[in-house]
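Novice: Once you've had a glance at the structure underneath, I'll fire off some questions.
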Amino acid sequence: MDTVSPPDTWTYALRLPHDPRAARVARMTVRAALTGHGKGEHLHAVELLASELVTNAYLHTDGPASLRLTALADGRLRVGVWDSHPHIPALLRGPAPVDAEGGRGLRLVQEYADCWGGWAMGEGTGKLLWFEVGGGGGAG
């Protein structure tokens, strides 16, 4: 008799206060989750990129942020960071000037994530920035 086992999928969600230590807490959470689930091959990229998005949420808003880390059935890892600012950063809307003073963290997302994006949820409800690694996707 064959048995069916569910795919190795899971989700962790973390609510972060508007605090300069939020990026560190996000890194520690990502490290614990990925290590615990045997996903160490993606640890450094996910830890770095999640930290960058949480740092941006802290720097550009006055409110809390949320981090969601999800393992998908096909081996991809998806990370989303919600914050209360409604506007998508310019780099995610198109190419940024090379001499721009900010946006280095988002350039890292472009470089190391297989795909990324953002959704503006409207005035008063914030936005969600996300990225995925693993599963053999192409940057996009």
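The values are calculated or read from the model by the stated rules, or taken from the named source; none is laboratory data. Please read these numbers as outputs of a predicted model, since none were measured by experiment. With ideal geometry, Cβ positions are generated from the backbone for all residues, glycine too; neighbour counts draw on all protein chains shown. For the accessible areas, the whole protein counts, side chains as well, though only heavy atoms, and no ligand, DNA or RNA atoms are used. Shrake-Rupley method; radii C 1.70, N 1.55, O 1.52, S 1.80 Å.
Novice: Considering only residues that are in contact with a Phe, Trp or Tyr (Cβ under 8 Å, 6 or more places away or on another chain) and in a helix (DSSP H, G or I), which ones fall in the stretch 25-52?
Specialist: 29, 33, 45, 48, 49
Novice: Continuing with the same structure: It is to be established whether one or more residues within the stretch 5-19 are without any contact (Cβ under 8 Å) to a residue 40 or more places away in the chain, open to solvent by 30 Å² or more (accessible area, probe 1.4 Å) and among the hydrophobic types (A, V, I, L, M, F, W, C).
Specialist: No, that holds for no residue.
Novice: Can you tell me which condition residue 78 does not meet? The list is (1) open to solvent by less than 70 Å² (accessible area, probe 1.4 Å); (2) closer than 19 Å to residue 115 by Cβ; (3) within 11 Å of the chain's Cα centre (by Cα), and all the others hold.
Specialist: The single condition residue 78 does not satisfy is (1).
Novice: Checking the condition at positive phi and of a type in the set (Gly, Ala, Ser), which residue from 80, 38, 63 passes?
Specialist: That would be 38, the only listed residue that is at positive phi and of a type in the set (Gly, Ala, Ser).
Novice: While we're here: Scanning for something at pLDDT 75 or above and either closer than 24 Å to residue 29 by Cα or touching a Cys at 6+ places or on another chain (Cβ under 7 Å) (or both), does the stretch 86-96 turn up at least one residue?
Specialist: There is no residue in the stretch 86-96 that is at pLDDT 75 or above and either closer than 24 Å to residue 29 by Cα or touching a Cys at 6+ places or on another chain (Cβ under 7 Å) (or both).
Novice: Tally up the residues in the stretch 97-108 that are within 22 Å of residue 133 (Cβ to Cβ) and either open to solvent by 60 Å² or more (accessible area, probe 1.4 Å) or at pLDDT 90 or above (or both), please.
Specialist: 2
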